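Engineer: The structure under discussion is supplied below as structure tokens; questions concerning it will follow.
Every number in this text was worked out from the coordinates using simple rules, so none of it is lab data. The model shown is predicted, which means the values in this text are computed figures rather than measured ones. FYI the Cβ positions are ideal-geometry reconstructions off the backbone, even for glycines, and counts take in every protein chain you see.
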């Protein structure tokens, strides 16, 4: 029964990773598609390949998820509940075309599930949630906004005498590079959440020692699932981020992607599971605001920010509810 439950956890975790891939494809490629630098097909293939590479370069975020948010081991059904909560939330927001955070959906589900499982708040490492989740949740979009704003403002000054033809010609090429870096950064942070969850499950089942880090087969499986999901694309969210929020030119897309990649790679180095969705969206806002604040469609931004605020409490409730149901049937 235990081995069967463990297999179920792994399969659901890889499903979450696949959904995360197509849900968050827009993070890396929305600006490149909206500026017509890349076709959706070309952009998705590039993002899938670099998501795979990025997923293999680091395990710091995975270790935060596996033993930095809850104390000790969990029953397998608790981990299943957390994953199902995140999957349900991802599918709802994907259907509505809202770029919510898969990362925070998973963490919210894990916290809610753990609280109900233990019938106590003491199972959660609240200092870890604060330092590795809440603070990055608040600071990374702000940093993304200001870096996007600063890069774009600097480019305006640098290129003020250049012709639009010259700017579009060169930044159409440079934006391909920035999109590639952004896809790599996305893989380096997002794929690690599923790695951490599977490792937590293995540790809870007594089949792995957390001091040994992340098993290589887990890294490869999650990287493949993320790349496969990315290859399926997330065109609804691409439209929201790349077209509905602001009209971008290649130079603006380059600034937004570069700023986002800087923030995400820095947070990955700090082992913080940030939302790539939050960062790229905020960076695009910063790029638009550097021209004029009215260039950003703030009504769209309002809906996006609302989803950010709601994600963690909503998935905590989902995770708690699913855990309560499964706990009842598990006896």
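Engineer: Would you mind classifying region 83-149 by shape? Square roots of the alpha carbon gyration tensor eigenvalues, ordered a ≥ b ≥ c; an a/c under 1.5 is rounded, otherwise it is prolate if a/b is larger than b/c and oblate if not.
Structural biologist: Cα axes put region 83-149 in the oblate bin.
Engineer: Right, something else. Could you check the spin-label model distance between residue 92 and residue 142? Points 7 Å from the Cα along Cα→Cβ, value in nm.
Structural biologist: Going by the 7 Å Cα→Cβ label model, 2.8 nm.
Engineer: By how many degrees, between 0 and 90 and to the nearest 10, does the Cα long axis of helix 76-96 differ from the longest principal axis of the chain?
Structural biologist: Orientation of helix 76-96: about 30 degrees from the principal axis.
Engineer: In whole Å, how far is the Cα centre of region 23-75 from that of region 144-173?
Structural biologist: 26 Å
Engineer: Would you mind checking the tilt of helix 2-34 against the longest principal axis of the Cα atoms of the chain, expressed as 0 to 90 degrees and rounded to 10?
Structural biologist: The helix 2-34 is inclined about 10 degrees to the chain.
Engineer: If neighbour count is taken as other Cβ atoms inside 10 Å, put 257, 131, 75 in order from fewest to most.
Structural biologist: Fewest to most other Cβ atoms nearby, the residues stand as 131, 75, 257.
Engineer: For the chain, what does the helix formula give at 222 nm: sum of -39500 (n - 2.57) over DSSP H segments with n ≥ 4, over the residue count, nearest 500 deg cm²/dmol?
Structural biologist: -26500 deg cm²/dmol
Engineer: Further question on the same structure: Any chance you could give the angle, 0 to 90 degrees and rounded to 10, that helix 164-204 forms with the longest Cα principal axis of the chain?
Structural biologist: Approximately 0 degrees, to the nearest ten.
Engineer: Oh, and also: Highest first, please rank the peptides 267-276, 282-291, 199-208 by the mean number of other Cβ atoms sitting within 10 Å of their residues. Spell out each step's value before the answer.
Structural biologist: On the way: 267-276: 23.2, 282-291: 25.6, 199-208: 20.3.
Ranking, from highest mean packing down: 282-291, 267-276, 199-208.
Engineer: Next up: By count of other Cβ within 10 Å, fewest leading, how are 324, 117, 95 ordered?
Structural biologist: Final ranking by Cβ density, sparse to dense: 95, 324, 117.
Engineer: Something else now. Please work out the Cα center distance from region 79-118 to region 212-234, rounded to the nearest Å.
Structural biologist: Cα centres, region 79-118 to region 212-234: 18 Å.
Engineer: Rank 80, 216, 176 by mean-square fluctuation in a GNM of the chain with C-alpha springs under 10 angstrom and give only the top-ranked residue.
Structural biologist: Of 80, 216, 176, the Gaussian network model singles out 216 as fluctuating most.
Engineer: For a quick check, take a GNM of the chain with Cα springs below 10 Å and name the residue from 112, 196, 321 with the largest mean-square fluctuation.
Structural biologist: It is 321.
Engineer: Oh, and also: Could you tell me the relative contact order of the chain? Use alpha-carbon pairs under 8 Å, at least six residues apart, and round to a whole percent.
Structural biologist: 39 percent
Engineer: Here's another thing I want to ask about it. Once R0 is set to 25 Å, what does the formula 1/(1 + (r/R0)^6) return for the Cβ-Cβ distance between residue 126 and residue 216, expressed as a FRET efficiency to the nearest 0.05?
Structural biologist: 0.20
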